[in-house]
Amino acid sequence: MKEFYLKPKFFSALKDYSCQQFVKDLIAGLIVAIIALPLSIALALASGAEPQQGIYTAIFAGFTVSLLGGSNIQIAGPTAAFATIVAGVIASQGMQGLILATLMAGIILVIMGVCKLGGLIKYVPTTITVGFTSGIAVTIFLGQIKDFLGLTYVPGTKAVETFEKVEANINAIGTFSLESLVIGVICLAILIVYPKIEKRVPPSLIAVIVSVLLVKFIPIFSDNVATIGGLYPNIKAGFPEFTLAGLDFSADKALAVLPDAFTIAILAAIESLLSCVVADKMVDAKHNPNAELVAQGAGNMLSVMFGGIPATGAIARTAANAKNGGKTPVAGMVHAVVLLLVILFLLPLAKLIPMPAIAAILFMVAYNMSEWRSFLKIVKTEKWYDIVVLVLTFVLTVAFDLVVAIVVGLLLHFAIVLVKKLIKK
């Protein structure tokens, strides 16, 4: 009997699931939650939302996408690609407008999945996937320099885009903290050396525990190293409220936010499916793109129903999941449950985690997903026009964003294919 084309990977994973794999997924989910906590907060603030809204997004969208999605290890949540778009919608339409636009985007994504439009991702060539993956690795690295060096930005500094982060880091270099660098280097050393000695416990977990103990009990670090609690003291604990009560569902309001809904849907589809492609390479699997689109639609709708903002597949957190042993959707569900427990009961403990430790973990994630070997192989062996597509996609991903890079890369790729066919005739 032919398998249902929207069947989630979660149900396939349960067939041969073992206690050993559950332990791996549990640890991977815990590590990803530790990474996701400050990132979700920071991205919510960059989007013009409240800090806890980023956590709500990671909880509800993250759990839904793992449960219903078409990838074994996809982690969903707020992303940098959405930050500018979300901020613009909130500024023009208000939070109520964002909620309505995201609900509509969710419906569009579900329709795309049901209509089997996810298969279009197969037409994205390797040169583009390697280019944007390497580019994202660079942006992740650049985005963590601030916390690794303990830099302090001037209040009001905007640092969402890559160039904004670089400029902000240069302007803040005078605030460099040697203590933060020491914590970061210690964690980085643990991440590099520990796996060569012992492989049963993820080095990320060891690095976090060691850094918390150092910052908690050694005064010189306690006074000079930023923690989650120090940077984000205003996070509200507790379960979010249902947001649809009193929402304006009028035709006029729906028409006003329709362009925003399509923007959110298309960006969520592109980023999520490309994240799935990266994930497949990391764990030697094959995703179901149509199931993923339906899950992204459901995840976005549920996110904004409970205080969140738009979500999509988060490549950095997905890569961290793979790096730390996650192999099934259970890891993504664990990550969401851990964040829920944090926001309900464990916020005081989570606030102790030092920012340089998280930066060190993400440095390793960036390195492991960088595809630098594949990048060099293409440069050495492929035709000049394929190299141009690779490098252009890479540069645009770093300089602008994923959508611009993919659109320009695809247009150039198909233009080259067309010219080659015309020349052959």
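The values are calculated or read from the model by the stated rules, or taken from the named source; none is laboratory data. Nothing here was measured: the structure is a model prediction, and the numbers come from that model. We place every Cβ from the backbone using ideal geometry, glycine too, and count neighbours over all the protein chains shown. Ligands, DNA and RNA are stripped out before the accessible areas are found, and what is left, the full protein with its side chains, is counted by its heavy atoms. Shrake-Rupley method; radii C 1.70, N 1.55, O 1.52, S 1.80 Å.
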Residue identified as in contact with a helix residue (DSSP H, G or I) (Cβ under 8 Å, 6 or more places away or on another chain), in a helix (DSSP H, G or I) and in contact (Cβ under 8 Å) with a residue 12 or more places away in the chain among Val225, Val277: Val277
Residue list for region 389-401, restricted to those being over 12 Å from Val138 (Cβ atoms) and surrounded by fewer than 16 Cβ atoms within 10 Å (Cβ to Cβ): Phe400
Residues (over 19 Å from Phe141 (Cβ atoms), open to solvent by 40 Å² or more (accessible area, probe 1.4 Å) and assigned to a helix (DSSP H, G or I)) located in region 346-386: Leu346, Pro348, Leu349, Lys377, Val379, Lys380, Thr381, Trp384, Tyr385
Contacts under 7 angstrom Cβ, first residue in region 408-422 being closer than 13 Å to Leu396 by Cα and at pLDDT 90 or above, partner aromatic (Phe, Trp, Tyr) and assigned to a helix (DSSP H, G or I), 6 or more apart: none
Filtered residues of region 125-158 (kept if crowded, with 19+ Cβ neighbours inside 10 Å, of a type in the set (A, V, I, L, M) and closer than 22 Å to Phe394 by Cβ): Ile128, Val130, Ile136, Ala137, Ile140
Conditions (1) open to solvent by less than 60 Å² (accessible area, probe 1.4 Å); (2) not in a helix (DSSP H, G or I): number failed by Lys327: (1)
Residue selected from region 276-305 under the condition within 15 Å of Ala101 (Cα to Cα) and among the hydrophobic types (A, V, I, L, M, F, W, C), by the criterion surrounded by the most Cβ atoms within 10 Å (Cβ to Cβ): Val304
Identity of the residue in region 39-74, in a loop (DSSP other than H, G, I, E, B) and either surrounded by fewer than 24 Cβ atoms within 10 Å (Cβ to Cβ) or modelled with pLDDT under 95 (or both), that ends up nearest to the chain's Cα centre (by Cα): Ser47
Evaluation of Ser177 against (1) more than 21 Å from Val365 (Cβ to Cβ); (2) modelled with pLDDT of 95 or more; (3) polar (S, T, N, Q); (4) in contact with an Asp or Glu (Cβ under 9 Å, 6 or more places away or on another chain) (one fails), failing number: (4)
